[in-house]
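Before any comments, here is the structure.
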Amino acid sequence: MKKAADYIAVSAFFVIVIMFAAYTLVMGRHGSESEKADSSDIRHNAQTYVSSNFPLSSNWKSLRTTMFVMTGKKNFDNIYILKDRLVEITDFDKDRLDKNISQINDFSENTDTPVYVMLAPTAAGIYSAKLPAYTSNTDQREMIDNIYYDLDSRIDTIDTFFPMYSARNNYVYYRTDRKWTSFGAYFAYADGIKELGFEPVVLSNYDQEYTSNSYYGGLYSELCYNSIGADRVNIFRSKYKTTVDSVELYREDQVLTSKSVYFRSALKTADKTAIFLQGDNFTKATVKTTAEDAPKLLIIKGSYANTLVPFLTPHYSEITLVDPDKLKEEGKTLSDVADTSAYDQILFMYDCDQFADETNFDLLK
């Protein structure tokens, strides 16, 4: 019975696709002379017509996903549709990971500044029990433990898996994106800051602001599956006077300045999580605070780091973030944008997937 239902659903989908293709071709015959001149390449014409005349073409992607879900399909190119969220699983290259570990060990050996590594699990690691039994999902707890074991003893490691797993029933990951939320960042901060030598600011000292309740992230854009609701983007503001004095973002020859780590202009864009320090759109960011006698922190950053920074500001006089991928784009090395000896601590802050895939740690010199 199920096979018959599958056949009907899939057949219906392809009938719709064929009808759509026929429609675009017919419309093409009534287009301009220049459009007719290109009619020999049917595929090109169809794609061009769809992209220029169907700004809501995501509806077709949504239809495709929905039709396949009706047949029982739950995974799409390693993105899994769970009851309440989308989750992406990824493989990692063991040789690439070993090289990254070696490069960080070399970096630590060549600096007198204390080095810390903080690797966060992704939603696939925390919600692995909700994935189908046949899924070849990496055990992220084991993965992070093995990375920490292979790091040099001079490097201090910060566990985030346990606090994230303990808080898993809270809103710690976006349901439609790959990133953690402000809640997730706070739970990781509350445990991790102790390893950096401070006591965490309690959550009750913050006011929570819902800046958007209509965010659809990168995983949603891959599938356009509407049965998973929109995410909300929250920020936390101190109930007392903010410690942030100035923010400077550097990208090539441009410098963007602000008085806040929150860039509200991002709420008008598709990537609303760029409210946190403009997302991954800068090479270097410098956050200065009013805590003039506090230490200085250098963060070698992945995407998760931005959301963490607002919670770190009470503890440091200056926080500098550097993105190795943007260094590569600009043809620079770390020494071109920061002097490691000027900082009291250096923190590598990545999610474990991005850490394993990073290809530019060789620029940290």
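Taking a probe of 1.4 Å, how large is the accessible area per residue of the range 128-181, in Å²?
Roughly 53 Å² per residue, with all protein chains present.
Mind ranking 263-269, 140-146 by how tightly packed they are, going by the mean number of other C-beta atoms within 10 angstrom, highest first?
140-146, 263-269
Can you tell me which of 100-111, 301-312 comes out highest on packing, and rank the rest after it, using the mean Cβ neighbours within 10 Å?
301-312, 100-111
Using a Cα-Cα cut-off of under 12 Å, which aspartates and glutamates could be cross-linked to Lys259, ignoring same-chain neighbours fewer than 8 residues away?
Partners within reach: Asp245, Glu248.
Rounded to two decimals, what is Rg over Rh for the range 311-350 when you use alpha-carbon atoms and the Kirkwood radius?
0.99
Sorted by mean Cβ packing within 10 Å, highest first, what order do the peptides 332-338, 249-255 take?
Order by mean packing, descending: 332-338, 249-255.
Which of the GluC sites (Glu not before Pro) found in the range 263-336 are loop residues per DSSP with 14 or fewer other Cβ atoms within 10 Å of their Cβ?
Glu292
Assuming 1.567 mPa s and 4 °C, estimate D for the range 143-235 with Stokes-Einstein, Rh taken as the Kirkwood radius over Cα pairs, in µm²/s.
Approximately 85 µm²/s, per Stokes-Einstein.
Using a probe of 1.4 angstrom, how much of the accessible area of the range 200-242 is carbon and sulfur, in percent?
That share works out to 44 percent.
Considering the Cα positions of the range 77-201, please state its Rg to one decimal place and its Dmax as a whole number of Å.
Just the Cα atoms of the range 77-201 yield Rg and Dmax of 15.8, 48 Å.
Would you mind giving the three semi-axes, in whole Å and largest first, of the ellipsoid equivalent to the range 178-220 according to its Cα gyration tensor?
Semi-axis lengths for the range 178-220 are 26, 15, 5 Å.
Say the dipole of the range 224-365 comes from +1 at the beta carbon of Lys and Arg and -1 at that of Asp and Glu; which of Ser317, Thr283, Asn226 then lies farthest toward its positive end?
So the residue furthest toward the plus end is Asn226.
Could you calculate the contour length gain from Asp91 to Lys239, that is, 0.36 nm times the residue separation minus the distance between their Cα atoms, to one decimal place in nm?
Result for the pair: 49.1 nm of gain on full extension.
Based on the alpha carbon coordinates of the range 53-131, what radius of gyration and maximum Cα-Cα distance (Dmax) apply, in Å?
19.9, 59
What is the gain in length, in nm to one decimal, between Ser265 and Asn226 on full extension, counting 0.36 nm per residue of separation less the C-alpha to C-alpha distance?
11.5 nm
Sorted from largest down, give the three principal axis spans of the alpha carbons of the range 283-365, whole angstrom values.
That gives 35, 26, 17 Å along the principal axes, largest extent first.
Given 4 °C and 1.567 mPa s, compute D for the range 131-191 with the Stokes-Einstein relation, Rh being the Kirkwood radius over Cα pairs; round to the nearest whole µm²/s.
97 µm²/s
List the lysines whose Cα sits under 25 Å from the Cα of Lys365, skipping any in the same chain fewer than 8 residues away.
Partners within reach: Lys94, Lys99, Lys284, Lys288, Lys296, Lys301, Lys326, Lys328, Lys332.
The values are calculated or read from the model by the stated rules, or taken from the named source; none is laboratory data. Quick caveat: nothing in here was measured; it's all calculated off a predicted structure. As a convention, Cβ positions derive from the backbone with ideal geometry for all residues, glycine included, and neighbour counts pool all protein chains shown. To get the accessible areas, we keep the full protein, side chains included, count just its heavy atoms, and leave off ligands, DNA and RNA. Shrake-Rupley method; radii C 1.70, N 1.55, O 1.52, S 1.80 Å.
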